[in-house]
Amino acid sequence: MDGSNFQIARLTLPEAAAERLRALIIEGELAPGARLNERELSQRLGVSRTPLREAFRMLAADGLLVQLPNRGAQVVALSPEDVRHAFEVMASLEGLSGELAANRVSDSDLVELRTLQAEMERAHAGHDLPTYYRINRAIHDRINAIAGNPILTQTFRTLNIRLHALRFRSNLVRGKWDQAVAEHRHMIDALAARDGARLRGILVRHLKAKLQVVLETMDAA
């Protein structure tokens, strides 16, 4: 059993269902604005409606779902203006994480991040976007953790949960995906050089590029 399966095995039924639903939302199988069919999802996830409804409540607390009186749950759909505002704040949080991390990163942290980068690049080469994005998230989360500021981490995670689906879809354009991989190499280089200002700039530009792709995608829809 691999680490991810072991982790899921330790979750309660509602927590496990919530994790599966998050993945379906991030990867676009449950699209923004989609109404959730309890019967279908109960069968698909192999859980009864009671833990499924608890999972809905968890995701509603994260801002991923909205629960409508007498009409069930619906995937949140952000407006272009909501997206712009959220990415502006996220870019600042990412930039601050990078600047702080550059002052606190250890050699063992760098070994871990380079290992993750290599795994992420293998997923990219194999056109495996779900695996790529899971590792991508781990890299950004690790940089944030290295920054060592718990208030920053809490704020970062709370907002980032709402943006994962958009960040995932920003890689559907191959050229943009290739660019993102290259930017990650520059991030690790700046972190290894303990150059906080450089890493902040890379991370802010990285998020601005994601925002542009997301807005272009929304305009085309």
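The values are calculated or read from the model by the stated rules, or taken from the named source; none is laboratory data. Note that the coordinates shown come from a computational prediction; the quantities given were computed from them, not determined experimentally. In this analysis, Cβ positions are derived from the backbone assuming ideal geometry, glycine residues included, and neighbour counts consider all displayed protein chains. Only protein heavy atoms, including side chains, enter the accessible area calculation; ligands, DNA and RNA are left aside. Shrake-Rupley method; radii C 1.70, N 1.55, O 1.52, S 1.80 Å.
Which one of these does GLY148 not meet: (1) open to solvent by 60 Å² or more (accessible area, probe 1.4 Å); (2) more than 18 Å from the chain's Cα centre (by Cα); (3) of a type outside the set (Val, Ile, Thr)?
(1) is the only condition that GLY148 fails.
I need every pair where a residue in region 97-123 that is modelled with pLDDT under 95 has its Cβ under 6 Å from the Cβ of a residue that is of a type in the set (Phe, Trp, Tyr) and open to solvent by 70 Å² or more (accessible area, probe 1.4 Å), sequence separation at least 6 or different chains.
none
Residue by residue, here is whether (1) open to solvent by 60 Å² or more (accessible area, probe 1.4 Å); (2) outside any loop (DSSP other than H, G, I, E, B); (3) in contact with a Gly (Cβ under 6 Å, 6 or more places away or on another chain); (4) hydroxyl-bearing (Ser, Thr, Tyr) holds:
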| position | (1), (2), (3), (4) |
| --- | --- |
| ARG114 | yes, yes, no, no |
| ARG134 | yes, yes, no, no |
| ASP141 | no, yes, no, no |
| THR153 | no, yes, no, yes |
| THR158 | yes, yes, no, yes |
| ARG167 | no, yes, no, no |
| ASN171 | no, no, no, no |
| VAL181 | no, yes, no, no |
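For region 65-77, how many residues are open to solvent by 20 Å² or more (accessible area, probe 1.4 Å) and on the phi < 0 side of the Ramachandran plot?
Looking only at that region, the number is 8.
Just for helices (runs of 4 or more DSSP H) wholly inside region 1-108: which have at least 1 residues that are hydroxyl-bearing (Ser, Thr, Tyr)?
Of the helices (runs of 4 or more DSSP H) lying wholly inside region 1-108, those with at least 1 residues that are hydroxyl-bearing (Ser, Thr, Tyr) span 3-9, 38-45, 49-61, 80-104.
In region 210-221, which residues are aliphatic (A, V, I, L, M), in a helix (DSSP H, G or I) and open to solvent by 30 Å² or more (accessible area, probe 1.4 Å)?
Within region 210-221, MET218, ALA220 meet the criteria.
If I ask for residues that are closer than 18 Å to LYS210 by Cα and surrounded by fewer than 21 Cβ atoms within 10 Å (Cβ to Cβ), which ones from region 94-109 would you list?
LEU96
Just checking, how many residues over region 159-196 are more than 19 Å from LEU116 (Cα to Cα), out of contact with any Phe, Trp or Tyr (no Cβ under 9 Å at 6 or more places or on another chain) and touching a residue at least 12 places away in the same chain (Cβ under 8 Å)?
Summing the residues that are more than 19 Å from LEU116 (Cα to Cα), out of contact with any Phe, Trp or Tyr (no Cβ under 9 Å at 6 or more places or on another chain) and touching a residue at least 12 places away in the same chain (Cβ under 8 Å) in region 159-196 gives 11.
Among the residues of region 184-193, is there at least one that is closer than 18 Å to ARG84 by Cα, open to solvent by less than 20 Å² (accessible area, probe 1.4 Å), out of contact with any strand residue (DSSP E or B) (no Cβ under 7 Å at 6 or more places or on another chain) and at pLDDT 95 or above?
Looking for residues that are closer than 18 Å to ARG84 by Cα, open to solvent by less than 20 Å² (accessible area, probe 1.4 Å), out of contact with any strand residue (DSSP E or B) (no Cβ under 7 Å at 6 or more places or on another chain) and at pLDDT 95 or above, one finds none in region 184-193, hence no.
Conditions: (1) surrounded by fewer than 18 Cβ atoms within 10 Å (Cβ to Cβ); (2) closer than 25 Å to ARG20 by Cβ. MET90 meets all but one. Number of the miss?
It fails just one condition, (1).
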